[in-house]
Amino acid sequence: MQSNTITRLGDTGLYVLTDLGKMTLFLLMSLRGVFRRPFRFIELVRQIQFIGVGSLAVIFFTAASTGAVLGLQGYYSLNKFGAEGMLGSAVSLTLIMELGPVLTALMVAGRAGSAMCAEIGIMRISDQIDALDCMAIDPFRYLITPKFLATIISVPLLTAVFDVVGIAGGYLAGVGLMDVNPGSFIQGMQTSVTNHDIRLGVIKSFVFGLLVVWICSGRGYFVQEIRGAGFGAESVSRVTTQAVVLSSISVLVFDYLLTAVLL
């Protein structure tokens, strides 16, 4: 019994290390595709349209509701201490440093990341990626790299939209509903938000975008090699779910790590 447990632990450890190695090589090969020619600029634009422009609606409504809730909750908390004038500072800092990058990445992972994983997974099980290799076409330059660049470009821009819409939602909730002085709201935001805070939010958005596209596309690329994934369409569905879960957990973990290191 003990021998079987040790064997299973050893097999699991070897599988995890092998999987990490494959994913690391996948990341390096995908980034190398940026410098290989010819570069697929049209495909990059198409991916930006799908990942960035296509996610604007969900980002807008998520940001508006989040900002409004922050405005109401912030007013409720600050009112106990007679500090309603600091509502602008609380809303803006919370969105720029934390909720903006995190929620944007989670929304992109759920909407675009799952689609990328399923698309690449279906191409893998239907031998389309192997066909690219047979035609001497680099699948990373042709298929993966445009998705990497598009996600890294789109997520920071979507985060900026999230921050602006969220702050506007907090302003409407605090000033319009709770009668907070608009001058105090704006002044609190201007005096409390620094370049360091904005830079932290930008760095987080870049890292989160890289994590989402790396995990989601990598899981789809190695769909046939993932333990317990099954076969055919079943494997794609299971791996897509796994990719969204893993990328979401990675975003939350790296959010803490980046905050602890850069704050």
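Condition first: surrounded by fewer than 24 Cβ atoms within 10 Å (Cβ to Cβ) and β-branched (Val, Ile, Thr). Now tell me which residues in segment 187-222 satisfy that. Passing the criteria: THR191, VAL193, THR194, ILE198, VAL202, ILE203, VAL207. Out of ALA243, ALA229, one residue alone is touching a Lys or Arg at 6+ places or on another chain (Cβ under 8 Å), buried (at least 17 other Cβ atoms within 10 Å of the Cβ) and either modelled with pLDDT of 95 or more or not in a helix (DSSP H, G or I) (or both). It is ALA229. So the check is Cβ under 7 Å with 6+ separation or different chains; which pairs have a first residue in segment 56-79 that's free of Cβ contacts under 8 Å to residues at least 60 places away in the same chain and a second one that's in a helix (DSSP H, G or I) and not aliphatic (A, V, I, L, M)? The qualifying pairs are VAL58/ARG111; LEU78/GLU84. The sole residue among ILE215, ILE249 that is more than 19 Å from ALA90 (Cα to Cα), in contact with a Gly (Cβ under 8 Å, 6 or more places away or on another chain) and aliphatic (A, V, I, L, M) is ILE215. Only one of the numbered conditions (1) more than 13 Å from the chain's Cα centre (by Cα); (2) under 25 Å from ILE152 (Cα atoms); (3) surrounded by 24 or more Cβ atoms within 10 Å (Cβ to Cβ) is not met by ARG124, and that is (3). Kindly check whether there is at least one residue in segment 32-47 that is within 29 Å of ILE198 (Cα to Cα) and modelled with pLDDT under 85. Checked segment 32-47: at least one residue is within 29 Å of ILE198 (Cα to Cα) and modelled with pLDDT under 85.
Among the criteria (1) surrounded by 17 or more Cβ atoms within 10 Å (Cβ to Cβ); (2) touching a Gly at 6+ places or on another chain (Cβ under 7 Å); (3) hydrophobic (A, V, I, L, M, F, W, C), the one LEU143 does not fulfil is (2).
The values are calculated or read from the model by the stated rules, or taken from the named source; none is laboratory data. Everything numeric in this text was worked out from a predicted model, so none of it was measured. When we count neighbours, we look across all protein chains shown, and the Cβ atoms used for this are built from the backbone with ideal geometry, even at glycine.
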